[in-house]
Amino acid sequence: MGALDGRVAIITGSGRGIGREHALLFAQEGAKVVVNDLGGAIDGSGDDRTPAQQVVDEIKAMGGEAVANADNVADWEGGQRLIQSALEAFGELHVLVNNAGILRDRVLVNMTEEEWDAVIHVHLKGHFVPTRFAAAYWREQTKAGKPVKANVINTSSTSGLLGNPGQTNYGAAKAGIAAFSVIAAMELERYGVRVNAIAPAARTRMTVATPGLSEVVKAPEDESRFDIWDPANVSPMVAYLATENLPFTGRVFFVQGGKVQNMTPWQMADVIDKEDRWTVAELETEVKKLLG
Ligand SMILES: NC(=O)c1ccc[n+]([C@@H]2O[C@H](COP(=O)([O-])OP(=O)(O)OC[C@H]3O[C@@H](n4cnc5c(N)ncnc54)[C@H](O)[C@@H]3O)[C@@H](O)[C@H]2O)c1
């Protein structure tokens, strides 16, 4: 018996990298999978249907069920078609893994409008659009009296949650995705939908292309040693977050190698309160108390 027997899952950007590993593991665990990927370059340019189809072929070769979808996740009609493709192929939908992403790194002072917009578009809108239409479907099911036990798993990054120079566009989108997940979890609980997010770390074309990281993410020469950067290490946690009886929602986890780490959200910390309006001069001395 697989952990995801009978589950229908859409995994965006699953033609390559971490998403491909999710798709293969989901199928091994018994899920029927929609392998979405528009097959673009790392910066989001171009398209190629081959990667998604190859993953579908691999899943079918091991006896699993999968269909390919090449829609752009950040496109309003495309995202809608993506949700529809799961319903057409398998008649239902239980899991949405938002994973598709691109990179256009540049220091802030040199970043172009296009580099900013492209990254915010693919990540932030590319999480919103499929979630929006999947959520509408699950609300419909709930209103029709059908029990819903659905899961959304989003993909954030330490680049946003902890910060990484050269990635104001990517980091802002990824921190936004964590906030989006927490709020969506609050809104969708009433429809039986749990929303969580991961911040993964793995060897893919994205990390291999990042200055300073290409050496770090290399597989160990000694093959008997555990390869902490293998992208397949991330997928078991995502598969767990997709299970029917997952007992929590609204959480973010860092996942790398054998590590699953709780990422605590922003918290209200030390406070100064005058119980009246501050003057600027007072704040000049009082705010120091908050800085530790
Ligand atoms: N690799 C890491 O260490 C790491 C770290 C933090 C976060 N992430 C995130 O994990 C996710 C997967 O990244 P990866 O490292 O596997 O990179 P990758 O480039 O190997 O895979 C991303 C896939 O998304 C697809 N894609 C891009 N834009 C799309 C769109 N608009 N619609 C549909 N598909 C689209 C690409 O074609 C590609 O196959 C991304 O969201 C990335 O930001 C990765």
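For the stretch 80-103, check the following and say yes or no: at least one residue is among the basic types (Lys, Arg), within 12 Å of the ligand (Cβ to nearest atom) and buried (at least 19 other Cβ atoms within 10 Å of the Cβ).
There is no residue in the stretch 80-103 that is among the basic types (Lys, Arg), within 12 Å of the ligand (Cβ to nearest atom) and buried (at least 19 other Cβ atoms within 10 Å of the Cβ).
Find the residue count for the stretch 120-160, including only residues that are touching a residue at least 60 places away in the same chain (Cβ under 8 Å) and either basic (Lys, Arg) or farther than 25 Å from HIS94 by Cβ (or both).
2
Within the stretch 30-50, take every residue that is surrounded by fewer than 22 Cβ atoms within 10 Å (Cβ to Cβ) and not small (Gly, Ala, Ser) and give me the one that is nearest to the ligand (Cβ to nearest atom).
Here the residue is ILE42.
Just name the residue that is surrounded by the fewest Cβ atoms within 10 Å (Cβ to Cβ) out of those in the stretch 112-163 that are in contact with a helix residue (DSSP H, G or I) (Cβ under 6 Å, 6 or more places away or on another chain) and in a loop (DSSP other than H, G, I, E, B).
Top of the filtered list is VAL148.
ALA9 passes all but one of (1) in contact with a Gly (Cβ under 6 Å, 6 or more places away or on another chain); (2) in a strand (DSSP E or B); which number fails?
Of everything listed in (1) in contact with a Gly (Cβ under 6 Å, 6 or more places away or on another chain); (2) in a strand (DSSP E or B), ALA9 misses just condition (1).
Would you call PRO130 more than 16 Å from ALA175 (Cα to Cα) and touching a strand residue (DSSP E or B) at 6+ places or on another chain (Cβ under 7 Å)?
Judged against the criteria, PRO130 is a match.
Taking the condition touching a helix residue (DSSP H, G or I) at 6+ places or on another chain (Cβ under 7 Å) and more than 10 Å from the ligand (Cβ to nearest atom), does GLU21 pass?
Considered against the rule, which asks whether it is touching a helix residue (DSSP H, G or I) at 6+ places or on another chain (Cβ under 7 Å) and more than 10 Å from the ligand (Cβ to nearest atom), GLU21 comes out as no.
Within the bounds of the stretch 47-68, is there any residue that is without any contact (Cβ under 8 Å) to a residue 12 or more places away in the chain, in a loop (DSSP other than H, G, I, E, B) and either in contact with a Leu (Cβ under 9 Å, 6 or more places away or on another chain) or of a type in the set (Phe, Trp, Tyr) (or both)?
Yes, there is a match, as at least one residue in the stretch 47-68 is without any contact (Cβ under 8 Å) to a residue 12 or more places away in the chain, in a loop (DSSP other than H, G, I, E, B) and either in contact with a Leu (Cβ under 9 Å, 6 or more places away or on another chain) or of a type in the set (Phe, Trp, Tyr) (or both).
Those residues that are within 26 Å of VAL148 (Cα to Cα) and not in a helix (DSSP H, G or I), I need them from the stretch 235-274; list them, please.
Correct list: ALA242, THR243, GLU244, ASN245, LEU246, PRO247, PHE248, THR249, GLY250, ARG251, VAL252, PHE253.
Name the residue, out of LEU241, LEU213, LEU246, that is under 20 Å from SER157 (Cβ atoms) and at pLDDT 95 or above.
None of the others qualify; the one that does is LEU241.
The values are calculated or read from the model by the stated rules, or taken from the named source; none is laboratory data. In this text, all values refer to a predicted model and were calculated from it rather than measured experimentally. Using ideal geometry, Cβ is built from the backbone for each residue, glycine included, and neighbour counts are taken over all protein chains shown.
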